[in-house]
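Okay, so here's the structure we're looking at.
Laboratory data are not the source of any read-out in this text; all were calculated from the coordinates shown. What you see is a predicted model, and the numbers here were worked out from it, not measured in a lab. Every residue, glycine as well, gets a Cβ built from its backbone with ideal geometry; the counts of neighbours run over all protein chains shown.
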Amino acid sequence: MDKKLNFSAYAIIGTMLFGLFFGAGNLIFPLLLGQQAGEHVYFAIAGFLISGIGLPFLGVLAVGYSNTKNLQELAGRVHPVYGVLFTVTLYLVIGPLFALPRTGTVSYEIGVSSFVSKDYQQVGLVIYTIMYFVLTLYFALNPAKVIVWIGKILTPLFLLFLGAIIVLAIMIPMGQPSIATGKYIDTAFSSGFLEGYNTMDALASLAFGMLVVDAVKRFGVCTPKMIVSTTAKAGLVGVLLMGILYVAFAYVGASSISTVGSQENGGLVLAKVVQHYFGSFGNIFLAILVFLACITTAIGLVSACASCFHHYVPKISYKVFAIIISTMATFTANIGLTNIINFAIPILMLIYPLTIALIVLTFLNPYFIRQQMVYVVTIICTVMISMIEALKSVTMIFTSLQVPSFMGKLFSLYDHLPFASMGLGWIVPMVLGLLLGWGSGYFRQTK
């Protein structure tokens, strides 16, 4: 029988959810979104909230609802091989390829770059990231209570500082929202939705959702239905808080251009805004907070990824994997924050639709009683289109690339799909695949 939780239990679980998804890096995306969306900022942030908060929240609920032991078992409902490939790919994305090195570049861009001469930015980044990931590796290999202590002290301090920035931006605005630019002129909502991919929180929700489920179970909640209900109630406060922060910082970004100018990434926007309101002292304080926030996230990612890969290759120790992952992240971090974000886009365009499809299938699972055909057909239909979207995003980012004629024809066919102009052409094929797989399974059962 499920135990009824009191307010303090809900508060603990809700705080845990907030801590899992809240990070200094997440703030850079609504800030840049605000600068680019300008007068259309509220349409753009609405889309961002769906993919940046809504999907991660649903991901955690899906893990609880699935009653599976881990991500591999959940994704393995498609096929055991797919379960391994999806899990490894996801951990590479949130680990050494993108999310992990981004923690180093974000903390450098926000906290250190303003104190380094323009001529020595690359050298400064190299030195900083080497020191940063050596320290990350040390703590990942030597877990200490200091990390827990930093986390408990850090979050309240960081929230207070962010709150001060928001209050000042509202009371003493830097300017009016500027004119929308680029993709935000005509497709603000869908562009904001796609920008939410960059948080990678929906991917992380499938990887770390089991931590939340275990916490809920420790309070005496056992059945999948009650796990989902408890997590939903507990997480509401955390989700609302993150939503308030995202909306507020999107507004800060939208009103900042006349004062701090247009910047190439959100890290630079945040550094300029803080310098405007608090001067050099504010930047130093921000640098310390962002460093602590980023390195605690980095330690968790190194530990999680090393544990995952050690599970698949037990002959290689956790320590060796931690060293390999930290080394890879150091090299990747030195291509710079803007380049990391750009290189991540094609991969996210490929894997995010598959993640969303898996979440949808998990919630609908009781209606088709884990018929593998439903999973297989849905994923095949989704991946066929998400691969095209990934390839198309490559050609849009790297404009100098020559597109083969057959690929150009493929892109032309893709453009005829519903929502393709928004970068969401996978939606209808995913639904059709779901219905086709479901229908074929039902036909075989009644035959």
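Things worth noting here:
- Think of it as helices only: each DSSP H run of n ≥ 4 in the chain is worth -39500 (n - 2.57), and spread over all residues that comes to -25500 deg cm²/dmol at 222 nm.
- In the range 20-101, the ratio of gyration radius to Kirkwood radius, Rg to Rh, stands at 1.07 when only Cα atoms are counted.
- Summing Cβ point charges (Lys, Arg +1; Asp, Glu -1) relative to the Cα centre of the chain gives a dipole of roughly 1280 debye.
- Rel. contact order, % - alpha carbon contacts under 8 angstrom, at least six apart, the range 187-330: 9
- Contact order, relative form, for the range 319-415: 32 percent (alpha carbon pairs under 8 Å, 6 or more residues apart, mean separation divided by residue count).
- Sites Ile50 and Thr223, calculated FRET efficiency, Cβ-Cβ separation with R0 30 Å, nearest 0.05: 0.60
- Gained length - Val431 relative to Ser405, 0.36 nm times residue gap less alpha-carbon distance: 6.4 nm
- Overall shape: oblate for the range 125-242, with the ratio a/c of the largest to smallest alpha carbon gyration tensor axis at 1.5 or above and b/c at least equal to a/b.
- Screening the chain for whole DSSP H helices with an alpha carbon extent of at least 15 angstrom along the helix axis and a mean Kyte-Doolittle hydropathy of at least 1.0 yields 7-21, 55-66, 80-92, 121-141, 145-171, 201-218, 224-254, 266-312, 318-333, 337-368, 372-397.
- Structure note, pairs Lys3/Lys225; Lys118/Lys392; Lys4/Lys217; Lys69/Lys225; Lys217/Lys319: Cα-Cα distances above 22 angstrom occur for Lys118/Lys392; Lys217/Lys319.
- Taking the charge dipole of the chain about its Cα centre, with +1 at Lys and Arg Cβ atoms and -1 at Asp and Glu Cβ atoms, the residue from Asn342, Val428, Val221 reaching farthest to the positive side is Val221.
- If R0 is 22 Å, the Cβ-Cβ spacing of Asp119 and Ser262 corresponds to a FRET efficiency of close to 0.50.
- Residues Lys319, Lys118, sorted so that the one with the fewest Cβ neighbours within 10 Å comes first: Lys118, Lys319
- FRET efficiency, 1/(1 + (r/R0)^6) with R0 22 Å, evaluated for Thr15 and Leu168 via beta carbons: 0.25
- Unit charges on C-beta of K, R, D, E only; dipole of the range 39-146, Debye: 300
- A full extension of the chain between Val237 and Ser317 corresponds to an added length of 24.9 nm, given 0.36 nm per residue minus the alpha carbon distance.
- Net length available on complete extension from Gln176 to Asn67 is 34.3 nm, with 0.36 nm assigned per residue and the Cα-Cα distance removed.
- Cα coordinate range in the chain, projected on the principal axes (Å, largest first): 74, 54, 46
- Å³ per residue enclosed by the Cα convex hull of the range 343-447: 100
- Between the C-alpha center of the range 100-140 and that of the range 181-207 there is a gap of 26 Å.
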